[in-house]
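The values are calculated or read from the model by the stated rules, or taken from the named source; none is laboratory data. What you see is a predicted model, and the numbers here were worked out from it, not measured in a lab. Ideal geometry is used to build each Cβ from the backbone, glycine not excepted, and the neighbour counts take in all protein chains shown. To get the accessible areas, we keep the full protein, side chains included, count just its heavy atoms, and leave off ligands, DNA and RNA. Shrake-Rupley method; radii C 1.70, N 1.55, O 1.52, S 1.80 Å.
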Amino acid sequence: MKTAKIRIFDGHNDTLTAIKGQEDIAGFLHGGSKLHIDLPKARVGNMSGGCFAVFIDAPDKGRPLSHGYASSEAEKSVDLLEKLQNSSEGAFCLCRNSADIANVISRDAVAVLLHFEGAEPVSADLSDLECWYGKGLRSVGLTWSRANAFGLGVGFGFGDSSDNGPGLTYAGFELVRQCQEMGIMVDLAHLNAAGIADVLRITQKPVVISHGCVWNLSHSPRNYTDDQIRAVADTGGLIGVNFHVGFLRADGKDEPDTPLELISRHIEYIADLVGIEHVALGSDFDGATMPEDLKDAAGFPKIIRELQQSCFTPSEIEKIASGNWLRVIMDNIG
């Protein structure tokens, strides 16, 4: 099997947040950037699409992130996405449904699913959710690793528990219901244990953990227990395995000298636990420390080779690389 023919759909990246100015825009479009993902690297790595996150950093670390500020910053990210699309000559395209994604992939372009990493740009009364949907929003993570109007996220202290407080607020329950009614995928990444349990109790559609790893292999509160993995799989959803070294390693160290084999180890663990249909890729490119042998999106074929060496079959690798994401996205957004 030739790795060049295996298309990748990546469940999470922070590239829109990492692009800071005209130099980064030019680098994204034409190459030579320091970004993990740019269009030339995507071509080399055979990356055909992904969930591109809008993440809003707090201007004041000691205060909650206000909806007004988050909404304004999210608008800037959506404007940036539109600028990249318009400047890419058809190579980078926002998609609103599965038919759009299939069309873009068939042209060997990059299909973009717009994601909010933390729902702060959405008002607590959800009055602007339909507006965001109109702008292309098709995936929402209820929290980042902090509290907001919808729920509570987890921290990053290695060995800490994700059972750190209460679950969803009333607004959080309503956000899940309305997202699923409208056709917006719900992402549990960064959400605490009680919030995850709340979503799993009410969901009517497959839910995802867009970028996370296995607690039994690395005791980060951003990783997931066997029971949580089983419960996500029971919805028909999936876990996108995160490439961040601190979530892969048994010691939790932020050390680039981390073997790529650990990515396939987490994938294999999930596949053995709940089946090959419920595991995929969720790189966290441009938002985390990558294994130095991987480096960036051009390194995706190295992961495919690791999966081949782990004795996954060609059809199983296709599911991990893109098929599982495309199935779950279709089940959620149509």
Give the accessible surface of segment 104-203 per residue, rounded to a whole number of Å², with probe radius 1.4 Å and ligands, DNA and RNA excluded. 34
Could you compute how fast segment 155-292 diffuses translationally, taking Rh as the Kirkwood radius over C-alpha pairs and applying Stokes-Einstein at 10 °C with viscosity 1.306 mPa s? Give it in µm² per second. 105
³J(HN,Hα), Karplus 6.51/-1.76/1.60, whole Hz, each residue of segment 18-31, x for Gly, Pro: 6, 7, 10, x, 4, 5, 5, 4, 4, x, 4, 6, 10, x
DSSP beta bridge pairing in the chain, given as percent antiparallel to the nearest 5: 5
Toward the positive end of the charge dipole of the chain, about the Cα centre and with charges on Cβ (Lys, Arg +1; Asp, Glu -1), which of Ile184, Leu94, Val140 goes farthest? Leu94
For the residue pair Lys302 and Ser72, what label-to-label distance in nm results when each label sits 7 Å from Cα along the Cα-to-beta-carbon direction? 4.1
Residue-normalised value, i.e. accessible area per residue, for segment 1-55 at 1.4 Å probe, in Å², stands at 42
Grab the beta carbon distance between Ser315 and His219, set R0 = 30 Å, and tell me the FRET efficiency rounded to 0.05. 0.35
I'd like to know which of Phe247, Asn216, Gly282 lies farthest towards the positive end of the charge dipole of segment 209-334, counting +1 on Cβ of Lys and Arg and -1 on Cβ of Asp and Glu. Gly282
Can you work out the FRET efficiency for the pair Lys295 and Asn86, with r the C-beta to C-beta distance and R0 = 45 Å, to the nearest 0.05? 0.95
Which one, Ser66, Val207, Leu307, is farthest towards the positive end of the dipole of the chain when Lys and Arg carry +1 and Asp and Glu -1 on their Cβ? Leu307
Spelling out what I want: for every residue of segment 50-58, take phi, set θ = phi - 60°, compute 6.51 cos²θ - 1.76 cosθ + 1.60 (Karplus), and round to whole Hz; glycine and proline get x. x, 8, 9, 8, 9, 10, 10, 7, 6
Quote the accessible area belonging to Phe173 in square angstrom, nearest 10, computed with a 1.4 Å probe and with ligands, DNA and RNA left uncounted. 40
If amide H atoms are built 1.01 Å from N in the plane of the peptide, which residues on other chains or at least 5 residues away come under 5 Å of the amide H of Arg7? none
Return the tail of the calculated pair distribution for the chain, meaning the percent of Cα-Cα pairs more than 39 Å apart. 5
Leaving out ligands and nucleic acids, and using a 1.4 Å probe, what accessible area per residue does segment 220-311 come to in Å²? 35
Using a 1.4 Å probe on the protein chains only, how many percent of the accessible area of the chain belongs to carbon and sulfur? 50
Ordering Glu181, Glu73 by the accessible surface of their heavy atoms, 1.4 Å probe, largest first, yields Glu181, Glu73
Working out 0.36 nm times the residue gap between Arg107 and Met330, then minus their Cα-Cα distance, what length gain in nm do you get to one decimal? 78.4 nm
By what distance, in whole Å, do the Cα atoms of segment 48-194 stretch along each of the three principal axes, largest value first? 46, 34, 26
Suppose every Lys and Arg Cβ carries +1 and every Asp and Glu Cβ carries -1, with no other charges. What dipole size does the chain come out with about its Cα centre, to the nearest 20 debye? 580
How much of Trp144 can a 1.4 Å solvent probe reach, expressed as accessible area in Å² and rounded to 10? 60
Would you work out the charge dipole size for segment 147-259 about its Cα centre, treating the Cβ of every Lys and Arg as +1 and the Cβ of every Asp and Glu as -1, and quote it to the nearest 20 debye? 220
Can you tell me how segment 1-67 classifies by the Cα gyration tensor, rounded, prolate or oblate, using a/c under 1.5 as the rounded cut? oblate
Taking H placed 1.01 Å from N in the peptide plane, check which residues at least 5 places from Leu152 or on another chain put their amide H under 5 Å from its amide H. Asn192
Whole-Å distance linking the alpha carbon centroid of segment 99-175 with that of segment 1-67 is 17
